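Undergrad: Before anything else, here's the structure in question.
Quick note: the coordinates plus some simple rules give every number you see, no bench work behind them. Since the structure is predicted, the reported quantities are computational estimates derived from the model, not experimental observations. When we count neighbours, we look across all protein chains shown, and the Cβ atoms used for this are built from the backbone with ideal geometry, even at glycine.
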Amino acid sequence: MSARPKLMFPFAALLLIILTLAVGMMMIEGAERDFAFWITLAPILLAEGMMGLSAAGIGGEEEDCLPLFRAGSGMAAVSYLGFTLIMLIPYSHGCDSETLLIVQSAGLLFWLLLQVLLWLADREGGAEPAFAATGYNKTGFSLESAALLSDLKTRCPEQTELIRESGRLAEAARFAAESVKGSEQIDEMICTGLWKLRASHEIRPQDEMRQEMQKLQDLFRRREEIIRKLR
């Protein structure tokens, strides 16, 4: 997804936050806006903001950082919003502010824990997708580079320069020499680079992606020289 449509989600979330705040202020008169009111309304506004950031994929999955907001965790944000809306029931029945604060804090901590678990699950399940079966070798990075090219053509067909560079990378992988004893280290470097590209291509800038692809092509050229000397 390009940057402009992505920014529409946080903007829509901001409008929803303003609307929710306005409705809450109109429904509850000034004298009745006590701590219980704000401890009930504030998490709803927070959850709406989380939804906008998650839909935009802000926070992403770059490097090894823990992403709090991303498209893949959108369901967690929706679940948290559902929880905050349910908390309107005890508030409307006159639940004391201390109890509301404890329950709301527990709900937020649970959401943060869920984000960590989702992140760990993604890392565990998404690690070495093509290489688990093939290993760090020509077959592995040929499959991964072809998958990257296919992903780019499907998700961002308008980025012709990026697709063209990805095609060159896939061609370099396809015509690379077969792995030999002694090429394991550079094979692993290439496979790791390809996996990182696939894992983060949706949120990384196009120029940065092209630079990474060119670095990988340089690695392929170095690999050819290494294998030629090892034979």
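Undergrad: Quick one: TYR91, TYR80, TYR136, fewest Cβ neighbours within 10 Å first, how do they rank?
TA: Ranked by crowding around the Cβ, least crowded first: TYR91, TYR136, TYR80.
Undergrad: Taking 7 Å along the Cα-to-C-beta vector as the label spot, tell me the ASP34-LEU85 distance in nanometres, rounded to one decimal.
TA: According to this spin-label approximation, the distance is 2.7 nm.
Undergrad: Applying 1/(1 + (r/R0)^6) with R0 = 45 Å to the Cβ-Cβ distance of SER92 and ASP207, what FRET efficiency is obtained, to the nearest 0.05?
TA: 0.30
Undergrad: Additional query: Where in the stretch 137-165 does the amide nitrogen come within less than 20 Å of the point 7 Å from the Cα of LYS181, taken along Cα to Cβ?
TA: 137-139
Undergrad: Whole percent per 10 Å bin, from 0 to the bin with the longest distance: what is P(r) over all C-alpha pairs of the stretch 131-230?
TA: 16, 53, 25, 6, 0
Undergrad: Between GLN214 and ARG155, what FRET efficiency comes out of the Förster formula 1/(1 + (r/R0)^6) with R0 = 22 Å and r the beta carbon distance, rounded to 0.05?
TA: Details: r = 21 Å, r/R0 = 0.94.
Approximately 0.60, to the nearest 0.05.
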